[in-house]
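Q: This is the structure I want to talk about, given as structure tokens.
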Amino acid sequence: MAERAFEKFSLGRFDEVIALLEPELARDYIPEETYRLLGSAYLMDAQHRRALDVAGEAVAHYPRSPELRILQMDALARIDAAKALAELDRMKRDLELGELASNPFSQPEWEQFQAGLYTLAGRAALEQSDYPSAIRHFEQAADLRPGEPEVHRQLLYAHLMAGEYPGLLAAYERVPAWLRDDRALVTLKSQALLELGDLEELLDIYRARYEKDPGDIESAVVYGQLLMADNKLLKANELFNDLIDRHPRDRRVYDLLMDVNRRQMNYHGMEVLLEEMVRNFPEDEELPLELARVRELRGEYDQAIAVYDSLIRHRGPEYRYVRKKAALLYRKGEIGLAYQTLGGTGEPVAIQPENRIDPADTFPVADHEADPVAEPRYLPDQHSLPDQHSLPDQHSLPDHHSLPDQQFSLDPHSSHDPTTRRFDLAVLEFQKEQTHVAERLLRSYLEHQPGDSLAWMVYGRVLEKEANPEEALAAYRRAAASGLRWPEMAILEVTGSGFVDPSGSGDPSGSLDSLDLMEHLLDALDHAVTDIEKQMARLRLKAGMAMYGQPGEELQPFYPMENQLRDVISSFERLFDFAVDILSEERVRYLLDRLMERHTGNARVLDMAARFYRGSGQPMQALQYYKTAAELNPNDFGIHVSIAEIMEEREEWQRAVLWYERALGAGASSDVYGALIRVHRENGTLDQLIDRWLVRYRAVRSDPELREYLIDALHRAGRREEAREIARE
């Protein structure tokens with residue numbers, strides 16, 4: 001029986017060993033060998049509790065057997081490591097006292113067994129987050145088995161989890177020299193150095209590993225990441241380019257090199273790399289879109305459009321591709337072609353004029369307006385976007401009804417669908433002042449997207465243009481219910497509620513008193529200032545992202561965020577002008593004081609207050625607010641010009657010169673040249689101004705406006721010969 005069981009045990013057939021020997025436990029006499037084989041089979045079969053029971057029974061029958069005591073400790077260690085260590089201490093004592101037969105292990109085997117128990121105890125302590133005990137047990141195991149790499153790995157890991165980074169480094173130094181190149185040990189040491197901020201030593205470690213074995217891709221990648229962390233971007237760029245040559249299918253390296261190029265603002269490098277990635281990783285469907293975005297960022301609109309044309313050919317006319325292509329055409333100023341691209345071919349959009357939308361209907365209002373910062377969106381260049389006054393007139397664009405609707409396929413991962421096309425077309429129609437068509441498109445769109453706050457706001461503006469204030473107000477209120485409040489909504493609320501006579505009498509009247517009126521206007525202005533600041537912050541963030549090659553995608557490419565901001569600022573200013581028109585000067589001052597209390601240090605509010613006081617014939621009060629606004633927003637040249645004009649009115653010529661110069665430095669238009677000539681002439685310093693301009697003109701002769709004003713200044717200073725000489729050039 002024992003021989004058959006041993007044979008099956010040797011073959012690893014532990015379940016058969018158990019089946020053979022379990023019946024033997026019922027006998028009156030059970031040999032020690034039977035207990036050892038059966039207990040070991042239970043242990044190897046992961047029946048730890050059963051192994052412990054058998055070992056305990058065996059030790060009771062054979063108390064002097066060291067093998068059975070070891071079996072008992074081995075089983076106990078898998079259930080309760082701390083108790084197993086206590087049993088180990090008792091066994092050591094019994095061996096010393098001679099209460100056991102001789103130790104069956106050789107010294108190395110005995111040390112290995114003890115180290116195994118300490119390791120099990122250390123792991124158990126780790127699971128309980130008892131890091132001091134874990135460290136102590138692993139140290140005991142390492143002392144017994146200094147050449148065992150796993151023991152050192154566990155010890156360093158326990159130090160790391162305990163946050164004892166110096167202790168981890170000290171433990172690493174105690175590792176035998178021939179083991180210190182172990183990848184796991186080096187990684188643990190590196191983590192400690194990283195936590196301690198010792199980037200130089202980390203770089204030294206991985207530089208040495210890379211130089212020793214350039215084919216070790218893992219060490220090379222870590223080395224490159226450390227170079228990036230140390231802002232050694234040129235070296236990181238060289239390293240990752242080399243790795244791509246040797247590992248052309250390792251996507252990680254491409255992504256890291258892309259990040260390096262992005263941080264270097266190397267858009268050309270990003271484009272070249274993306275072209276290679278598109279070839280090497282055709283399964284990644286987002287790479288062509290990223291390539292198009294980078295080309296767009298570089299101003300290569302035609303090349304970006306070519307990407308979308310290719311996507312449309314090979315993947316079908318998904319609306320997101322069509323829309324992005326049209327947006328690029330829009331940015332190029334090819335508005336008619338953008339319009340045609342959105343129209344495509346197929347069935348016409350079904351719009352029934354008689355099916356009017358009542359904005360007061362109880363549509364479910366979803367929280368639809370996405371935060372433009374929450375997901376990447378493209379930030380268009382405001383200087384390349386035409387405003388509505390530069391758009392072609394209505395005769396240069398095809399009428400909407402001649403543009404059939406494209407049967408766009410839907411991407412389940414895209415938020416753009418054919419209904420979005422109606423909003424896009426409506427925005428373009430509104431910009432070319434085709435409000436009737438825009439209204440019908442928006443009605444159709446809002447039937448499908450009743451929670452779109454931006455669409456309700458645009459719909460309100462369209463209705464207001466069509467002299468339909470009641471429905472416009474209802475649309476604005478729908479937008480406000482979804483979180484987008486149009487400033488001029490307050491004007492419609494006031495004029496439509498009996499607050500004031502819309503004929504313009506200027507006298508507050510009606511069912512609500514003037515205090516309620518002022519509070520209503522204050523609330524609207526307050527909300528507008530907050531909204532403007534939020535939008536400006538989002539634009540700054542997106543501009544910063546674009547600088548690092550992460551432009552994202554514009555949520556509304558035909559009504560980009562900078563245009564939305566421009567419009568809300570204009571609406572805010574019109575609302576304030578309305579308040580000035582209907583309120584007395586005293587009440588406007590009260591309104592401004594309250595607004596400045598709510599928005600302390602807001603340059604826009606201060607500028608608005610300054611303009612009011614200047615228009616009211618109180619230049620000194622205006623000057624005070626202008627100067628504070630200039631300190632808060634030194635890049636707003638309009639504020640500097642206003643201060644300079646007040647100084648000029650007061651005949652404080654030197655100060656006027658100073659503020660006009662500041663305005664010019666902040667980016668003011670060339671009109672300031674004329675103002676500078678005027679105030680310098682009054683100040684008696686026109687020749688000094690001319691001399692400075694001559695130096696500048698001779699250094700850079702590519703400023704025709706400066707040349708024009710320089711000639712004018714020379715004539716005014718009586719230096720006609722010099723003026724004629726420059727005019728002849």
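Q: Could you figure out which of (1) buried (at least 16 other Cβ atoms within 10 Å of the Cβ); (2) under 23 Å from LEU425 (Cα atoms); (3) of a type outside the set (Lys, Arg) isn't true of GLY316?
A: Unmet for GLY316, out of (1) buried (at least 16 other Cβ atoms within 10 Å of the Cβ); (2) under 23 Å from LEU425 (Cα atoms); (3) of a type outside the set (Lys, Arg): (1).
Q: Looking at segment 140-151, which of its residues are touching a helix residue (DSSP H, G or I) at 6+ places or on another chain (Cβ under 6 Å) and in a helix (DSSP H, G or I)?
A: GLN140, ALA141, ALA142, LEU144, PRO149, VAL151, listed by residue number.
Q: Which one is farthest from THR419 (Cα to Cα) among residues in segment 446-459 that are in contact (Cβ under 8 Å) with a residue 40 or more places away in the chain and of a type in the set (Gly, Ala, Ser)?
A: SER453
Q: Given (1) surrounded by fewer than 17 Cβ atoms within 10 Å (Cβ to Cβ); (2) in the same structural domain as ALA644 (by TED's automatic domain parsing); (3) at pLDDT 90 or above, where does TRP659 come up short, assuming only one miss?
A: Unmet for TRP659, out of (1) surrounded by fewer than 17 Cβ atoms within 10 Å (Cβ to Cβ); (2) in the same structural domain as ALA644 (by TED's automatic domain parsing); (3) at pLDDT 90 or above: (1).
Q: If you don't mind, another one. Which of the following residues is assigned to a helix (DSSP H, G or I) and at pLDDT 90 or above: LEU522, LEU517?
A: LEU522
Q: Taking GLY122, is it surrounded by fewer than 20 Cβ atoms within 10 Å (Cβ to Cβ) and in contact with a helix residue (DSSP H, G or I) (Cβ under 9 Å, 6 or more places away or on another chain)? Before you say what the answer is, go through the steps one by one.
A: Details: surrounded by fewer than 20 Cβ atoms within 10 Å (Cβ to Cβ): no; in contact with a helix residue (DSSP H, G or I) (Cβ under 9 Å, 6 or more places away or on another chain): yes.
So GLY122 does not fit the description; no.
Q: Take ILE135 and tell me if it is modelled with pLDDT of 80 or more, surrounded by 18 or more Cβ atoms within 10 Å (Cβ to Cβ) and either of a type in the set (Val, Ile, Thr) or not in a helix (DSSP H, G or I) (or both).
A: For ILE135, the condition - modelled with pLDDT of 80 or more, surrounded by 18 or more Cβ atoms within 10 Å (Cβ to Cβ) and either of a type in the set (Val, Ile, Thr) or not in a helix (DSSP H, G or I) (or both) - is met.
Q: Within the bounds of segment 692-702, is there any residue that is modelled with pLDDT under 90 and among the hydroxyl-bearing types (Ser, Thr, Tyr)?
A: Checked segment 692-702: at least one residue is modelled with pLDDT under 90 and among the hydroxyl-bearing types (Ser, Thr, Tyr).
Q: Test of understanding: among MET265, MET258, MET228, which residue is outside any helix (DSSP H, G or I) and either exposed (fewer than 15 other Cβ atoms within 10 Å of the Cβ) or at pLDDT 90 or above (or both)?
A: The unique qualifying residue is MET265.
Q: Taking segment 16-57 as the search range and keeping residues that are over 60 Å from the mean Cα position of the chain (by Cα) and over 20 Å from ARG4 (Cβ atoms), which one is surrounded by the most Cβ atoms within 10 Å (Cβ to Cβ)? Before you say what the answer is, go through the steps one by one.
A: Initially, segment 16-57 is screened for residues over 60 Å from the mean Cα position of the chain (by Cα), giving 16-38, 54-57.
From what is left, the residues that are over 20 Å from ARG4 (Cβ atoms) are 28, 55-57.
Working: ASP28: 4, ALA55: 27, GLY56: 15, GLU57: 16.
Result: ALA55.
Q: Taking segment 470-510, which residues are at pLDDT 90 or above, buried (at least 20 other Cβ atoms within 10 Å of the Cβ) and part of a helix (DSSP H, G or I)?
A: Scanning segment 470-510 gives GLU471, ALA472, LEU473, ALA474, ALA475, TYR476, ARG478, ALA479, MET489, ALA490, ILE491, LEU492.
Q: Residue by residue through segment 574-606, note down the ones that are surrounded by 14 or more Cβ atoms within 10 Å (Cβ to Cβ) and either among the β-branched types (Val, Ile, Thr) or assigned to a loop (DSSP other than H, G, I, E, B) (or both).
A: Hits for segment 574-606 are VAL580, ILE582, LEU583, VAL588, HIS599, ASN602, VAL605.
Q: What single numbered condition from (1) under 24 Å from ILE569 (Cα atoms); (2) crowded, with 17+ Cβ neighbours inside 10 Å fails to hold for GLU631?
A: For GLU631, the exception is condition (2).
Q: Please return the ranges of helices (runs of 4 or more DSSP H) entirely within segment 661-729 where 2 or more residues are more than 22 Å from GLU645 (Cβ to Cβ).
A: 686-699, 704-716, 720-728
Q: Further question on the same structure: What are the residues in segment 628-641 that are closer than 21 Å to ASP593 by Cβ and either hydrophobic (A, V, I, L, M, F, W, C) or modelled with pLDDT of 95 or more (or both), if any?
A: The first filter runs over segment 628-641 and keeps only residues closer than 21 Å to ASP593 by Cβ, leaving 628-633, 639.
Selection gives ALA629, ALA630, LEU632, ILE639.
Rundown of residues vs (1) modelled with pLDDT under 90; (2) in a helix (DSSP H, G or I); (3) over 26 Å from GLN112 (Cβ atoms), yes/no style:
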residue	(1), (2), (3)
PHE6	yes, yes, no
VAL17	yes, yes, no
LEU25	yes, yes, yes
TYR29	yes, no, yes
GLU67	yes, yes, no
ASP74	yes, yes, no
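The values are calculated or read from the model by the stated rules, or taken from the named source; none is laboratory data. Owing to the predicted nature of the structure, the values given are computational and were not obtained by experimental measurement. Using ideal geometry, Cβ is built from the backbone for each residue, glycine included, and neighbour counts are taken over all protein chains shown.
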